[in-house]
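Engineer: To start, I am sharing the structure in question, which I have written as structure tokens.
The values are calculated or read from the model by the stated rules, or taken from the named source; none is laboratory data. Just so you know, these numbers come straight off a predicted model, no measurement behind them. Here the Cβ positions follow ideal geometry from the backbone for every residue, glycine too, while neighbour counts run over all protein chains shown. Quick note on the areas: whole protein, heavy atoms, side chains included, nothing else; ligands and nucleic acids left out. Shrake-Rupley method; radii C 1.70, N 1.55, O 1.52, S 1.80 Å.
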Amino acid sequence: MRTMKSRVRNLIISRVPDCMIKNWVTEKIINNSIFILDHVILFRLKFNINRSKRVMSDQESEKVLKKFYFNEQEYIYLSRGRNWLDRNHFDVSIIIPCYKVERYIERCLESVFKIDSKYKVEIIVINDGSPDNTLAIIDNMNLPNNTKVISQDNRGLSAARNKGIEESSGKYIFFLDSDDILYTESFNKAISTLKSGDYDLLDAPYVSFNGLKKQLLNYESVDVEEFFQEYNFELTNAYAWGKFFRRELWLETEFPINYWFEDTHLLYSIFPNVKRYKKVQSPLVEYYINENGITKQADNNMKSLDTLYILEYLLAEVRNKNLLNNKIKEISLVQMSSLLFRRIRFLDEDVQQAAFIRACYYFEKYELNGVYEEKLLNRLNQSFVKRDYRSWKLLSKII
């Protein structure tokens, strides 16, 4: 996660003239701002301690959550086997899950069909029980021979992606959402880069489109060593779509089913196993901002508690595989604070407190207690140790 200094730096740089950005004055402003902010936080934390109230018990927390929405699932070990791993018939398997996308699926597939034929690419379309005309539109298209269409009962995005992974036989896997568009020229160049570099993960910026305006969204360019040390939101977005994954990365894992925010899985079970990473500069995908998507639906929706429940599932997985390290602990701390709070802040106060207490239970169960260089993280860590709901809420607004 970003340090407090990097967050303050970005805020100040966005508000000062370009001529000052590299000036010592700007650095002085940043350091003074951090000093003031740190003392303001410390004062408010002390003020909160004086206003503390009785802590909800684990049993009370579970009772509240079960009344509204409770989605804890047991982690089950998965291994696809050697036969699946050795099935390398294509350069890339493009997996496109579809559900109620009759307005978008044709343009999505037409963009994919323009991939240069010199590359061996298979296109796997998973119709996840669409009740509209999605499947009929696909069937009426002139599908290339390298296209496989599979229909299944509606089980959700994760199950559709997992089916695509199971059926794939490319050296690399590329996920594409069915309301998005593939930038074919950039995609062709990326395949060439993959073949020459033998990477585990190839990443790229993307273009967002809200129906009226397009915007190029990028993120920090990092070297390979930094990616290994700091795999998190700052170095790459945590979306599954728009990236090339070596198929081997999915040998013993899959997307957790029946959760929202399924892409959190990448931070725990995929990124830690990346050994060779590459980022290209040309966008691969035009991402359509869907007003009916999960991101837009999350506010005031009990399913936003999946932020917490999917974390428990993923922590069980990494512990089972002996991958639980300090970086995973730090990422989990952010998941259980700023991300959780941002998604549940419109729910009733007792539900928010119950979610925090459940997070404290996971914190203890998976031994997430740690020591961090940044004061803010240490204070956040202590809010879980002491089960201090008010401090957690304050710090979650800042981090």
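Engineer: Among the residues of segment 78-121, which ones are among the aromatic types (F, W, Y) and touching a residue at least 40 places away in the same chain (Cβ under 8 Å)?
Structural biologist: Listed by number, the residues that qualify are W84, F90, Y99, Y104, Y119.
Engineer: Here's another thing I want to ask about it. List every residue pair whose Cβ atoms sit under 6 Å apart, with the two residues 6 or more apart in sequence or on different chains, where the first one lies in segment 195-220 and is closer than 17 Å to T184 by Cβ and basic (K, R) and the second, anywhere, is open to solvent by less than 30 Å² (accessible area, probe 1.4 Å) and at pLDDT 85 or above.
Structural biologist: K214/V207
Engineer: Here's a follow-up. Can you give me the ranges of the strands (runs of 3 or more DSSP E) entirely in segment 73-158 with at least 2 residues that are buried (at least 19 other Cβ atoms within 10 Å of the Cβ)?
Structural biologist: Filter on segment 73-158 gives 90-98, 121-128.
Engineer: Quick one: would you say S196 is at pLDDT 80 or above and open to solvent by 60 Å² or more (accessible area, probe 1.4 Å)?
Structural biologist: Yes: the conditions hold for S196.
Engineer: Another question, then. Residues of segment 269-295 being under 21 Å from G81 (Cα atoms) and not hydrophobic (A, V, I, L, M, F, W, C), which ones?
Structural biologist: Selection gives S269, P272, N273.
Engineer: What residue, among those in segment 162-174 that are assigned to a helix (DSSP H, G or I) and touching a helix residue (DSSP H, G or I) at 6+ places or on another chain (Cβ under 8 Å), is most open to solvent (accessible area, probe 1.4 Å)?
Structural biologist: First, pick out the residues of segment 162-174 that are assigned to a helix (DSSP H, G or I): 162-167.
Keeping just the survivors that are touching a helix residue (DSSP H, G or I) at 6+ places or on another chain (Cβ under 8 Å) gives 165-166.
Values: I165: 0, E166: 94 Å².
Only one residue tops the list, namely E166.
Engineer: Is it the case that segment 329-351 has a residue that's among the small types (G, A, S), open to solvent by 10 Å² or more (accessible area, probe 1.4 Å) and in a helix (DSSP H, G or I)?
Structural biologist: Looking only at segment 329-351, we keep the residues that are among the small types (G, A, S), and these are 332, 337-338.
Right, trim to open to solvent by 10 Å² or more (accessible area, probe 1.4 Å) and you get 338.
Still in the running and in a helix (DSSP H, G or I): 338.
Looking for residues that are among the small types (G, A, S), open to solvent by 10 Å² or more (accessible area, probe 1.4 Å) and in a helix (DSSP H, G or I), one finds at least one in segment 329-351, hence yes.
Engineer: Being hydroxyl-bearing (S, T, Y) and out of contact with any Asp or Glu (no Cβ under 9 Å at 6 or more places or on another chain) is the filter here, so list the residues in segment 116-136 that pass it.
Structural biologist: Keep residues of segment 116-136 that are hydroxyl-bearing (S, T, Y), which gives 117, 119, 130, 134.
Scanning segment 116-136 gives a single hit, S117.
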